[in-house]
Each structure stands twice: as structure tokens, then as C-alpha cells.
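Heads up, the thing below is written out as C-alpha cells.
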Amino acid sequence: MDTPNDGVLVLSELDYPGWRATVDGKNQTIWRADAGLRALPLRAGDHQIIFTYRPLSVTIGGILSAVCALALLLIGVGPAPLRRGSRRPAVEER
């Protein structure tokens, strides 16, 4: 984005927790404008602006999913006597 003067870029999207911004590869603080929109202060010049959305809830959900998948895998590969089709030898009575 090429800006002729210093200014503020205001996006018509809500500022929701989890948004991050970089300007020319450097982290930039996102401002809140006009009752909840996202805004970025910019200096005059040509800039590369990147917004990414990484909310904490998605990170926590990914970790919990991985833990549950690992637990299910370990349960499915449990000891041989617990697997389906395995039988204990019959005990003979005397």
C-alpha cells in the first residue's frame, strides 16, 4: 500500500481478539476505531501490510484435539489381552 502522507488505515471489519498485524515485516499495534473497527497507523511511503487471525480459542482447541487423538490411539493399541479377538487360555478344573 502506498500512502502519500502519514495517516491511519481503517478497515470495515471488527476488531476481535486474535488479530495481529505486521507492517513491512514488523509487528504493529492494532488500534480500535469508530466503535470497534480495526485501524493501523501508517507513515508515508510504500508498505506491505499483513493481517493474521490467530485466536487463543483455536490454539487451545488444536492442543485438546491432539491430546484426545493421542489418547484414543494409545487406547486402541493397548495390551494384547484387551484387544478384540484375544482370549485367555481356558483354565482346566481338576
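Each residue of segment 48-56 in order: what ³J(HN,Hα) in whole Hz does its phi give by Karplus 6.51 cos²θ - 1.76 cosθ + 1.60, θ = phi - 60°, with x for Gly and Pro?
9, 10, 10, 9, 10, 10, 9, x, 4
Return the long-range amide H neighbours of H47 (sequence gap of 5 or more, or a different chain), with a cut-off of under 5 Å between placed amide H atoms.
Correct list: D2, T3.
Could you state how much accessible area I30 has, in square angstrom rounded to the nearest 10, with a 1.4 Å probe and all protein chains kept in place?
40 Å²
Across segment 57-70, in residue order, what do the Karplus-derived ³J(HN,Hα) couplings come to in whole Hz, using 6.51 cos²θ - 1.76 cosθ + 1.60 with θ = phi - 60° and x for Gly and Pro?
Calculated HN-Hα couplings, in order: 4, 5, 4, 5, x, x, 5, 4, 5, 5, 5, 5, 4, 5 Hz.
The values are calculated or read from the model by the stated rules, or taken from the named source; none is laboratory data. Keep in mind that what you see is a predicted model, and the values were worked out from it rather than measured. In case anyone asks, the SASA skips ligands and DNA or RNA and just uses the protein heavy atoms, side chains included. Shrake-Rupley method; radii C 1.70, N 1.55, O 1.52, S 1.80 Å.
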